[in-house]
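Trainee: The structure is given below, and queries will be raised subsequently.
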Amino acid sequence: KAGVTQTPRYLIKTRGQQVTLSCSPISGHRSVSWYQQTPGQGLQFLFEYFSETQRNKGNFPGRFSGRQFSNSRSEMNVSTLELGDSALYLCASRPSGGAHEQFFGPGTRLTVL
Amino acid sequence: ILNVEQSPQSLHVQEGDSTNFTCSFPSSNFYALHWYRWETAKSPEALFVMTLNGDEKKKGRISATLNTKEGYSYLYIKGSQPEDSATYLCASVTQNFVFGPGTRLSVLP
C-alpha cells in the first residue's frame, strides 16, 4: 500500500503570493489533517478534513484554508503569504477518526522570501 | 487552552543505556495519547496509541505507560542504540491532535 504523498516537496514563494499544497492519503483513509512545523514551535494543527468536510480547525488565520475531494485527496491553500509562513507543512491521514494513529507524508518545505 | 509538555527537551545517552521521557497533558476530556518517533529527514512514525488509564504498551525495546487521572505518560527505551536517535513526540487527542514540543534523543556509539 502506498504511503501518504505530498506535492510539491519544496516551494519558494515571495510575500503576498498564494500557494496550494497537495496531499494524497493512504488508499482507504478518509481523514486528512494538516500541520505546520516551525523551529521552536513544534507541530501545530491546522485543520482536519473527513469525507470532504472540515471537521476540526486549529488556531490559524483565515489566510489558511483547505479542502478535500471525493477521492480523499486534500489541498491546503495559503493566501497573501508572509515571511512567518515559512515552514514545513505536513499532512497525515488515518482511516476515520477516533484514536487511530496518523500516517504522515514527507512534507512540503515552503520558503517565503 | 490545551497544553502538552514534554521533558527533557533533549537527551544524550551512551549506547546500551536505558532512558525514559515524560509527556504531560491535561487530564480533562482525555480521549487518547499518541507517541511518535521523528527521525531526521523522515516523516513522524507512530509508536503507540494509548487510551486506557494504566495502559502499558511495548514494541521491541520501547515501551510506554499511561496515567490519565494525573495526566502523564512515560516512554522507556531499554538498551538504547544509535538508530534510536530521533525526536520523540507525544500528542494528546481530544477534539484535535495537540502535539508536545518533543524530546530529542541522541544515542552516542
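Read-outs throughout are calculated quantities, based only on the coordinates presented, and are distinct from any laboratory measurement. This structure is a prediction, so every number in the text was calculated from the model and none was measured. Don't worry about glycine lacking a Cβ; one is built from the backbone with ideal geometry, like all the others, and counts go over all protein chains shown.
Trainee: Taking R0 as 25 Å, what FRET efficiency do you get between B:E45 and B:S7 from their Cβ-Cβ distance, rounded to the nearest 0.05?
Mentor: 0.70
Trainee: Right, here's the next one. Arranged by the count of other C-beta atoms within 10 angstrom, fewest first, what order do B:H12, A:H100, B:H34 take?
Mentor: Ordered by Cβ neighbours within 10 Å, fewest first: B:H12, A:H100, B:H34.
Trainee: Now a separate question. Near A:G98, within a Cβ-to-Cβ distance under 13 Å, what is the net charge of the other residues, with Lys and Arg +1 and Asp and Glu -1?
Mentor: +1
Trainee: Using only Cα atoms, locate the centre of segment A:1-78 and the centre of segment B:41-109, then give the distance between them in Å, rounded to an integer.
Mentor: Each part's Cα centre sits 24 Å from the other's.
Trainee: OK, next. Counting alpha carbon pairs within less than 8 Å and at least 6 residues apart, what relative contact order, in whole percent, applies to chain B?
Mentor: Here the relative contact order equals 38 percent.
Trainee: Within a Cβ distance under 15 Å of A:S74, other residues only, what is the Lys/Arg minus Asp/Glu net charge?
Mentor: Working: positive: A:R30, A:R55, A:K57, A:R67, A:R73, A:R94; negative: A:E48, A:E52, A:E75.
With Lys, Arg at +1 and Asp, Glu at -1, the neighbours total +3.
Trainee: Note down the nm distance, to one decimal, between modelled labels 7 Å out along Cα→Cβ at A:N71 and at A:Q18.
Mentor: Result for the modelled spin labels: 2.3 nm.
Trainee: Let me ask something additional. Where Lys and Arg each count +1 and Asp and Glu each count -1, what net charge lies around B:L89 among other residues with Cβ under 11 Å from its Cβ?
Mentor: Result for the neighbourhood of B:L89: +1.
Trainee: Can you give me the distance in nm between label points at A:E52 and A:T111, each placed 7 Å from the Cα along the Cα-to-Cβ direction?
Mentor: Taking the two extended label points, one gets 3.8 nm.
Trainee: Test of the criteria: in segment A:47-108, which chymotrypsin sites (Phe, Trp or Tyr not before Pro) are in a DSSP loop and have at most 15 other Cβ atoms within 10 angstrom of their Cβ?
Mentor: A:F69
Trainee: Farthest toward the dipole's positive end in the protein assembly as shown, which of A:Q102, A:V78, B:S27, given Cβ charges of +1 (Lys, Arg) and -1 (Asp, Glu) about the Cα centre?
Mentor: A:V78
Trainee: Using Cβ contacts closer than 10 Å as the measure, can you line up B:V93, A:V112 from fewest to most?
Mentor: Ranked by crowding around the Cβ, least crowded first: A:V112, B:V93.
Trainee: Tell me the relative contact order for segment A:27-113 as a rounded percent, counting alpha carbon contacts under 8 Å between residues six or more apart.
Mentor: RCO, segment A:27-113: 29 percent.
Trainee: Now a separate question. Are there trypsin sites (Lys or Arg not before Pro) in segment A:1-33 that DSSP puts in a loop and that have at most 10 other Cβ atoms within 10 Å, and which ones?
Mentor: For trypsin sites (Lys or Arg not before Pro) across segment A:1-33 that sit outside H, G, I, E and B with at most 10 neighbouring Cβ atoms in 10 Å, the list reads A:K1.
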